[in-house]
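**Q** I'd like to ask you about the structure that follows.
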Amino acid sequence: MVAPAPARRRLAVGLGAALVAGVDLSAKVWAGRVLHGREIGRGPMALRLERNSGVAFSFGAGSPVPLVVTLTAVATAALGVCAWRGAASMPRVELAALTLIVGGATANVIDRAADGVVTDYLHVRWWPTFNLADSAIVTGAVLWVLSVGRGGASHASVGH
């Protein structure tokens, strides 16, 4: 029996977010084991291990870890609820955007909850070091803005 469309879309969001989080968390484990004190790559992009105690661009570095974990977990859960509730009616591109954001944010919350820092490993020399979860969050945010800007006004219906 085939699940109804809203159930399939919710399942796709959950599996997509879990896949994004799983790939990033696996890469963080690898980076933690392999990149200690070394950098791989000489071109415009390298792999280099860094630990970030703040959120985006180290904002909030030095803040109490329980506060940062709680705030980021609440924000991630709220976005997950929006995706879950809007799955039936939200345009696919917006749903994909939220899936990327929730998956990336979930990975960073899980990583931070373990030791108070997020593991970063992608270094492009002219930008702060980041990780795949950060890339998913930014890609999702750009998709969301482009979709809403092109008339995908489902943001008014999210949560209904």
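Computed from the coordinates by the stated procedures, all read-outs in this text should not be read as laboratory data. Not measured: the values here are computed from a predicted model. Here Cβ is always computed from backbone atoms with ideal geometry, including for glycine, and neighbour counts include all displayed protein chains.
**Q** Springs between alpha-carbon pairs under 10 angstrom, Gaussian network model over the chain: which of V102, V74, V13 fluctuates most?
**A** The residue with the greatest mean-square fluctuation here is V74.
**Q** Please determine, in degrees from 0 to 90 and to the nearest 10, the orientation of helix 92-115 with respect to the longest principal axis defined by the Cα atoms of the chain, where the helix direction is its Cα long axis.
**A** 40
**Q** Still on this structure, I have one more. Can you pull the one-decimal nm distance between simple spin-label points at V142 and R92, each 7 Å off the Cα toward Cβ?
**A** 2.1
**Q** A further question on this structure: Running Debye on segment 5-156 with equal point scatterers at the Cα sites and no solvent, what base-10 log of I(q)/I(0) appears at q = 0.13, 0.18 Å⁻¹?
**A** With no solvent term, the Cα-only Debye profile gives -0.62, -1.05.
**Q** Moving on to the next point. Any chance you could run the full-extension gain for R8 through V65? It's 0.36 nm times the residue separation minus the Cα-Cα distance, nm to one decimal. Could the numbers behind the result be given before it?
**A** Details: separation 57, 0.36 × 57 = 20.52 nm, distance 3.62 nm.
Contour length minus Cα-Cα distance gives 16.9 nm.
**Q** For every other residue with a beta carbon closer than 15 angstrom to the beta carbon of W84, add +1 if it is Lys or Arg and -1 if Asp or Glu, then tell me the sum.
**A** Here the charged neighbours net out to +3.
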